[in-house]
Amino acid sequence: MNNLPDEDLLFDLAELYKVFGDSTRIKILFALLNSQQPVTELAEKLQMTQSAISHQLRILKTNKLVKSTRDGKSMIYTLDDEHVEKILNMGLAHLSE
């Protein structure tokens with residue numbers, strides 16, 4: 001009996017976890033846990049350039065971990081859904097055991 005998911009699904013899951021392998025992206029996700037924020041605020045909070053934050057946000061958005069809405073000239077970013085928060089919290093819980 002083979003309980004392994006489909007090979008394509010396993011590949012996609014591995015790719016998703018690769019996105020979590022960058023500490024800058026993790027910082028951005030944690031910064032968005034409690035509030036939606038524009039790139040300018042994220043850059044200030046994380047002491048990085050807006051360009052660097054935008055690059056990481058693009059990766060996070062492509063992987064459906066964050067989403068954005070337009071507010072005038074600014075894009076406001078939030079976590080895509082509650083699953084992202086659960087993944088972060090489960091990782092922290094695992095590390096603290």
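The values are calculated or read from the model by the stated rules, or taken from the named source; none is laboratory data. Source: prediction; values computed, not measured. Areas reflect the complete protein model, heavy atoms only, side chains present, ligands, DNA and RNA absent. Shrake-Rupley method; radii C 1.70, N 1.55, O 1.52, S 1.80 Å.
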Out-of-range pairs (alpha-carbon distance over 22 Å; input Lys18/Lys64; Lys61/Lys86; Lys27/Lys73): Lys27/Lys73
Per residue value of the accessible surface for the chain (all protein chains in place, 1.4 Å probe), Å²: 72 Å²
The chain: C-alpha gyration tensor shape, a/c 1.5 cut-off, then a/b vs b/c: prolate
Cut-off under 5 Å, modelled amide H: who pairs with Lys64 long-range: none
The stretch 53-97, accessible surface, carbon-and-sulfur percent (1.4 angstrom probe): 54 percent
In Å², nearest 10: area of Asp71 left accessible to a 1.4 Å probe: 100 Å²
Solvent exposure, largest accessible area first (probe 1.4 Å, DNA, RNA and ligands not counted), of Thr62, Thr40: Thr62, Thr40
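In terms of solvent-accessible area of protein heavy atoms at a 1.4 angstrom probe, what is the ranking of Phe20, Phe30, highest value first?
Of Phe20, Phe30, the descending order of accessible area is Phe30, Phe20.
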